[in-house]
Amino acid sequence: MALRGVWQLQKLIVSCCDWGGSSRGIGEFLESQLLAFKEKNPQLEVIAELNRGHHPFLKGLYRNKNERVVCVKNMTPEDVHQCATRLRNALGRKAVKLKTRHVTKHPSVQGTWTTDLQM
């Protein structure tokens, strides 16, 4: 996704094995859909690397020096394309765990409302 008009994903590394069966879907993605993905995203540097004996993955390197790795083991080419698109659309920020189940500007003084009443 673009933050203030600047795409945050700088580099996408596509790693696969030419021998293992878990890399079949990403191999088909490399042959059929990777060139179209590169043409649609000229701001993105896409690197395909051979990593024998390991499961395939996509690694996204962002402008804020963060990286995200997504395992694409036994996925179809369409699922691999969807994962690559999600990496491109992400901002690269770390996921923040919420402290409570609900977020509000004005928390209740009496407590959280529940449906089950204890009598």
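3J(HN,Hα) along region 71-78: 7, 10, 5, 6, 9, 7, x, 5 Hz, from the Karplus curve 6.51 cos²θ - 1.76 cosθ + 1.60 with θ = phi - 60°, whole Hz, x for Gly and Pro.
Taken over the Cα atoms of the chain, the convex hull encloses 180 Å³ per residue. Rolling a 1.4 angstrom probe over the protein heavy atoms with all chains in place gives region 1-101 an accessible area of 68 Å² per residue. Per residue of region 9-14, in order, report the coupling 6.51 cos²θ - 1.76 cosθ + 1.60 (Karplus, θ = phi - 60°) as ³J(HN,Hα) in whole Hz, putting x for Gly and Pro. Each residue's phi maps through the Karplus curve to give 7, 8, 9, 10, 9, 9 Hz. For the chain, adding -39500 (n - 2.57) for each run of n ≥ 4 DSSP H residues and dividing by the number of residues yields -7000 deg cm²/dmol at 222 nm.
Restricting region 1-82 to chymotrypsin sites (Phe, Trp or Tyr not before Pro) that sit in a DSSP loop and have at most 12 other Cβ atoms within 10 Å of their own Cβ leaves Trp19. Gain on full extension, evaluated as 0.36 nm per residue between Arg101 and Lys40 minus their Cα-Cα distance, stands at 18.1 nm. Here the Karplus curve 6.51 cos²θ - 1.76 cosθ + 1.60, taken at θ = phi - 60°, turns the phi angles of region 34-50 into couplings of 5, 5, 5, 5, 5, 5, 6, 10, x, 6, 9, 8, 10, 10, 9, 10, 8 Hz, with x standing for Gly and Pro. Taking amide H positions as modeled 1.01 Å from N, with prolines and chain starts lacking one, the residues under 5 Å from Val46 and 5 or more places away or on another chain are Leu12. Rolling a 1.4 angstrom probe over the chain with all protein chains present gives an accessible area of which 53% lies on carbon and sulfur atoms. The stretch between Asn74 and Ala2, if pulled fully straight at 0.36 nm per residue, gains 22.9 nm over its current Cα-Cα span.
If R0 is 30 Å, the Cβ-Cβ spacing of Ala90 and His55 corresponds to a FRET efficiency of close to 0.90.
The values are calculated or read from the model by the stated rules, or taken from the named source; none is laboratory data. Fair warning: this is a prediction, and the values are worked out from it, not measured in the lab. All Cβ positions, glycine included, derive from the backbone under ideal geometry; neighbour counts span all protein chains shown. All accessible areas refer to the heavy atoms of the entire protein, side chains included, with ligands and DNA or RNA removed. Shrake-Rupley method; radii C 1.70, N 1.55, O 1.52, S 1.80 Å.
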